[in-house]
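Reading through the structure tokens given below for one structure.
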Amino acid sequence: MSTEYRIGNFKVVVADDEAEFDRLAADEVTRLLQQKPEAVLGLPTGSTPVGLYAELRKRYREGRISLRAATSFNLDEYVGLAPEHPQSYHAFMQEHLFGGIDLPKERTFLPEGIGDPQLAAARYEELLAKYGPIDLMILGIGRNGHIGFNEPGTSFKSGVHPAMLTQSTIKANARFFASEDEVPKQAITMGIGNILAARRIMLLAKGASKAQAIRATVCGEMSEQVPASALQSHPDVLLILDREAAALLVADQEAGASCRIG
Ligand code: F6R
């Protein structure tokens with residue numbers, strides 16, 4: 001059974017195991033689709049949402065959900081990778097989610113990785129304005145607190161923009177490429193302003209390597225040095241964590257210590 005905490009403006013749910021984690025995240029999407037079949041979803045890539053996407057594909061196969069009327073906007077795409085490139089986020093989404101559900105292709109949006117990045121960013125901003133606001137923005141988090149490719153130092157007001165990847169993010173993402181040199185150095189990402197404009201935010205984190213970033217997000221000073229700390233200013237944020245990612249947060253709660261750090 002999961003454990004729930006209310007810490008500041010965050011609802012925090014700590015899952016007991018991986019299966020429960022994915023189920024709880026999928027339940028949020030399922031509930032939204034039941035209430036609003038034409039919902040607009042914001043979607044991340046990375047390893048964290050893979051289980052959620054598998055669970056959504058399964059629910060679609062079982063006839064429990066349909067995304068026929070929904071729209072999706074991915075957070076980001078690498079600059080320089082065509083949609084067919086196996087490491088592109090287009091390809092990732094096709095493999096892990098879009099290929100196994102009924103979301104119409106013309107309403108699955110990702111930034112264009114090929115062409116002028118400034119133009120691609122401006123086009124994506126227009127699309128977001130046309131279809132938005134996003135009803136449920138699903139996020140992963142980087143070890144340095146990044147959300148999307150908004151690295152430390154990014155303005156909380158930022159819109160869609162081309163962003164340079166930090167060395168630590170390049171290193172973390174190298175596991176998906178043949179070598180670190182092949183990891184693109186730039187991406188187009190929704191800005192923190194776009195993320196905060198969503199009606200609801202669900203941030204997912206798994207593993208001990210995220211524990212520090214989660215504690216800083218929830219209990220640290222709101223600072224552009226920790227991009228995810230911007231979420232402290234949003235009225236409706238749900239965090240789904242596994243025990244490892246929640247460890248530092250939960251230790252404070254159980255010791256009765258104040259959440260505030262820094
Ligand atoms: C991906 C994205 C990134 C990841 C983050 C965590 O679209 O926006 O911010 O969510 O780097 O990645 P994983 O889940 O691989 O640990």
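The values are calculated or read from the model by the stated rules, or taken from the named source; none is laboratory data. These figures come from a predicted structure and were not determined experimentally. Cβ placement follows ideal geometry from the backbone for every residue including glycine, while neighbour counts extend to all protein chains displayed. Note: accessible area is taken over every heavy atom of the protein model, side chains too, but ligands, DNA and RNA are not part of it. Shrake-Rupley method; radii C 1.70, N 1.55, O 1.52, S 1.80 Å.
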Potential lengthening between residue 224 and residue 164 on full extension [0.36 nm per residue; Cα-Cα distance subtracted]: 20.0 nm
For the range 3-254: rounded, prolate or oblate by the Cα gyration tensor [a/c cutoff 1.5]: rounded
The range 3-254: relative contact order in percent, alpha carbon pairs under 8 Å with at least 6 residues between: 24
In the range 54-147, GluC sites (Glu not before Pro) in a DSSP loop with at most 14 other beta-carbon atoms within 10 Å: 62, 84
Helical mean residue ellipticity (222 nm; -39500 (n - 2.57) per DSSP H run of 4+; nearest 500) of the chain: -10000 deg cm²/dmol
Estimated FRET transfer efficiency when R0 is 25 angstrom, pair residue 259-residue 155 (beta carbons, to 0.05): 0.50
Residue 251 versus residue 62: modelled label distance in nm, points set 7 Å from Cα along the beta carbon direction: 3.7
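What percentage of the solvent-accessible surface of the chain, computed with a 1.4 Å probe over protein heavy atoms, is contributed by carbon and sulfur atoms?
52
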Alpha-carbon centroids, the range 1-37 and the range 85-163: separation in whole Å: 22
Solvent exposure of the range 3-254 as accessible area per residue, Å², 1.4 Å probe: 42
Nitroxide proxy distance, nm - points 7 Å out along Cα→Cβ at residue 130 and residue 2: 3.5
Of all DSSP beta bridges in the range 3-254, antiparallel share, percent nearest 5: 35
Relative contact order for the range 73-168, counting Cα pairs under 8 Å that sit 6 or more residues apart, in percent: 26
